Amino acid sequence: MRVVLAIAWVELRRFLADRSNLFFVLILPLAMVAVIGWQFGSDRSGSPVSVHGPGGAATEALVAGWEDAELAVTVRTTPELVQEDVSRGSAEVGVLLDAEAETAWRDGIPMELEIITGSSSQAPAVTQVVRAQAEAVATEATQVGLLETFGDATEARAALEDASALVPPAQLLVQQPEDPVAVAFEGAEQFDNGAVAQLLLFVFLSTLNAAPALIKARRDGVVRRTMAAPVTTAQAMAGLTTGRVVIALVQGAYIMLASSLLFGVRWGSLGVAVAVLLVFGLIAAGAAMVIGVLVDSEGAASGLAVGGGLVLGAVGGSMVPLEFYSDTLRQVAQLTPHAWANDAMAQIQRQGAGIADVLPQLGVLAAMAVGVLVLGSLLLRRSLARAM
Amino acid sequence: MTTPVLQVEGLRRSFGPATVVDGVSLRIDPGETVGLLGPNGAGKTTTISMIAGLLRPDDGSVVIQGVDMGAEPLAAKRHLGLVPQDLAIYPELSARSNLSFFGRLQGMRGADLRRRVAEVLEVVGLTDRATGASKTFSGGMKRRLNIAIGLLHEPRLLILDEPTVGVDPQSRNAILESVEALSGEGMAVLYTTHYMEEAERLCDRIGIIDGGQIIAEGTRDELVELTGGADTVTLVGEGPLDEVEAAVAGIPAVREVRRVAGEGRLVMVVQGAPQAISAIVATATGAGMTLRDVETSRPDLESVFLHLTGKALRD
Ligand SMILES: Nc1ncnc2c1ncn2[C@@H]1O[C@H](COP(=O)(O)OP(=O)(O)O)[C@@H](O)[C@H]1O
Ligand SMILES: [Mg+2]
């Protein structure tokens, strides 16, 4: 154990000796969380939204509400035109109201809107704004309606303002038709998705950078020297991996802390999130060992680490959320650790999942970790015979 | 009979079709320094890798201080200090951190570790450079740190693989002196080199290795006797060296001739140089050689190697 810790400690010191590592580990990920958060974020002013409705009170109130939210609303005469706007991309989001919705509005009962989300990267965020604003408008209308039964509308409105602190949170009046994307994002705030995706992307990337570091150690002859001491391959592997996983955990904890302080990202249960991160980091460290032993050139290994990290991240939902994937793509994504970790983190973050809820994901991740670590140990032993 | 510190029997190792080490046997007793002298590619490092448990032999056995490396590698490695041919230090870390780390791998710790680190820093003269990153060191200082790491845990057997390659003369001398001091303290040393002066100066016994085989073994004097007391004559100059080589080879006293590639040098093993030298010079100039220098020397390991293999140690 002492040997393992000694090796891990040296790995940490080597890592810290290269200051440029700190930029990639600490600064870049947060910058990305910020950029993606803002892109995904609340300021959607000017985004085009196409609406068709019977033109009654409900339509008018909603259109006014969306315009208040600074969306560029176009009212269309037929549902088909709205569909066309969205599919051509001239609107990010389309909204369809029917006569039933108008009736429901008048009666103060929940009504249904059909929201069509476009395919651009902005569209889901615009959908969120459309929904939130519709809910707000509808809630206010219902409340005013209720109060009106006590007197005239102006008084009611004033009373509502006074009582606003006491009024229960908006009940869900707007119902979106079956839309898996919207369901999946339910509970996600502006920076949340981006933060999870960036966390996993960057932890994996920077951990994979252990590969060139290992090649350097092999070239420097220190790996040979380590193995000439009374040290087993398993101990060496455990030491190298531990050093890297500690770095991954520190980086992860830092991104979680900083993003929650700076951008208000919520992470759900911290213990469960860290458990996912730990197993995920083990996979990255194991993969780095495999690359670091198979490849003899530091440059090639760096390229492979960055390229591999980005591709795995992209396929595994760390660039475009998995919810937007087709079924086939989703199946491919399941081959990456990122997909399982993204999925687990999303559940922890948005649905308050506990350790039992993410056991399937953790199991798959653990199996991947064992696979790469065993492979890495075998290759490390074999590599000692290769002069470098 | 004393237990040998190192007992190697019939080591063999191939890489693909090439047999790189071909039946090497060695024995080193406590306090003995044994040299492996051979040119680049002779199989020295491969032999050492197998002795140090880094490379599995195809055949043969390694026993260190009575412990079989194949059967109990961890126990055998405890008795071993390795100074690899290529520097094996962390350039990012200081001399002290390097030493502490490798000491921990040997199971040392606490005050004991700190005391030994200070001692070996003193031995290799790096005490005042203990804290800076070792990548700022000169080549010689790095080599000294490399050796210090091998000494740290006071192994019974110290293996040095060409520890002076690429080192300035001053550092080289310091290294040789510290090796001499160690064997004086009873440590067994296996020292590989392709410099015959180092082997002559340091080693109680020398194995001459070529093509993966130990082709002769003994004390310096025993080895030199193999040449039959022949001297070495070296001609330095320009001219049609191929023709000169053929011409001098015809002189009866000249037993071996060898051209050193790339230099205007002919090295020959000569029976009775003092009598033959004038004939050699006359023949060489007669064949068109412009002489710049003539060296004669009493037999040394260089001439032994030439005698045994027909090749120069360094070319
Ligand atoms: N891992 C390896 N794979 C293939 N050939 C090797 C390997 N290691 C050494 N060799 C070859 O074995 C021979 C002996 O090498 P080495 O033991 O390093 O010699 P020395 O240390 O005496 O210079 C050389 O020809 C070298 O090219
Ligand atoms: Mg060598």
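The values are calculated or read from the model by the stated rules, or taken from the named source; none is laboratory data. Source: prediction; values computed, not measured. With ideal geometry, Cβ positions are generated from the backbone for all residues, glycine too; neighbour counts draw on all protein chains shown. Ligands, DNA and RNA are stripped out before the accessible areas are found, and what is left, the full protein with its side chains, is counted by its heavy atoms. Shrake-Rupley method; radii C 1.70, N 1.55, O 1.52, S 1.80 Å.
Counting only residues that are within 7 Å of another protein chain (Cβ to nearest Cβ) and not charged (D, E, K, R), how many does region B:66-79 have?
Adding up the residues that qualify gives 1.
Which one of the conditions (1) buried (at least 24 other Cβ atoms within 10 Å of the Cβ); (2) within 14 Å of chain B (Cβ to nearest Cβ) does A:ALA285 fail to meet, given that it meets all the rest?
Status for A:ALA285: all satisfied but (2).
Here is a check on your reading of the model: is B:ALA148 more than 16 Å from ligand 1 (Cβ to nearest atom), within 19 Å of A:GLN235 (Cβ to Cβ) and part of a helix (DSSP H, G or I)?
The answer is no for B:ALA148.
Name every residue in region A:217-235 that is more than 8 Å from every other protein chain (Cβ to nearest Cβ) and not β-branched (Val, Ile, Thr), in order of residue number.
Once the filter is applied, which keeps residues that are more than 8 Å from every other protein chain (Cβ to nearest Cβ) and not β-branched (Val, Ile, Thr), region A:217-235 yields A:ARG218, A:ARG219, A:ALA234, A:GLN235.
Filter region B:42-63 down to residues that are within 11 Å of chain A (Cβ to nearest Cβ), assigned to a loop (DSSP other than H, G, I, E, B) and aliphatic (A, V, I, L, M) and give me whichever is nearest to B:LEU160 (Cα to Cα).
Ranking the candidates gives B:ALA52 first.
Being in the same structural domain as B:LEU202 (by TED's automatic domain parsing), of a type in the set (Gly, Ala, Ser) and over 17 Å from B:GLU162 (Cβ atoms), is that true of even one residue in region B:81-90?
Checked region B:81-90: no residue is in the same structural domain as B:LEU202 (by TED's automatic domain parsing), of a type in the set (Gly, Ala, Ser) and over 17 Å from B:GLU162 (Cβ atoms).
How do the strands (runs of 3 or more DSSP E) wholly within region A:24-136 filter down when requiring 2 or more residues that are out of contact with any Cys (no Cβ under 9 Å at 6 or more places or on another chain), on the phi < 0 side of the Ramachandran plot and not hydrophobic (A, V, I, L, M, F, W, C): which remain?
Filter on region A:24-136 gives A:48-52, A:114-117.
Out of the residues in region B:106-118 that are open to solvent by less than 70 Å² (accessible area, probe 1.4 Å) and within 14 Å of B:LEU151 (Cβ to Cβ), state the one that is nearest to the other protein chains (Cβ to nearest Cβ).
Checked region B:106-118; the qualifying residue nearest to the other protein chains (Cβ to nearest Cβ) is B:GLN106.
In this structure, is B:LEU37 more than 11 Å from every other protein chain (Cβ to nearest Cβ) and crowded, with 23+ Cβ neighbours inside 10 Å?
Yes: the conditions hold for B:LEU37.
Which of the residues that make up region B:14-36 are within 15 Å of ligand 2 (Cβ to nearest atom) and touching a residue at least 60 places away in the same chain (Cβ under 8 Å)?
Matches in region B:14-36: B:VAL20, B:VAL21, B:VAL24, B:GLY35, B:LEU36.
Which of the residues spanning region B:156-173 are more than 16 Å from ligand 2 (Cβ to nearest atom) and buried (at least 22 other Cβ atoms within 10 Å of the Cβ)?
If the condition is that a residue be more than 16 Å from ligand 2 (Cβ to nearest atom) and buried (at least 22 other Cβ atoms within 10 Å of the Cβ), then B:LEU157, B:LEU158 are the ones that fit.
Collect the residues in region B:37-73 that are touching a Pro at 6+ places or on another chain (Cβ under 7 Å) and either away from ligand 2 (no atom under 16 Å from the Cβ) or not assigned by TED's automatic domain parsing to the domain that holds B:VAL83 (or both), keeping them in residue-number order.
B:GLY53
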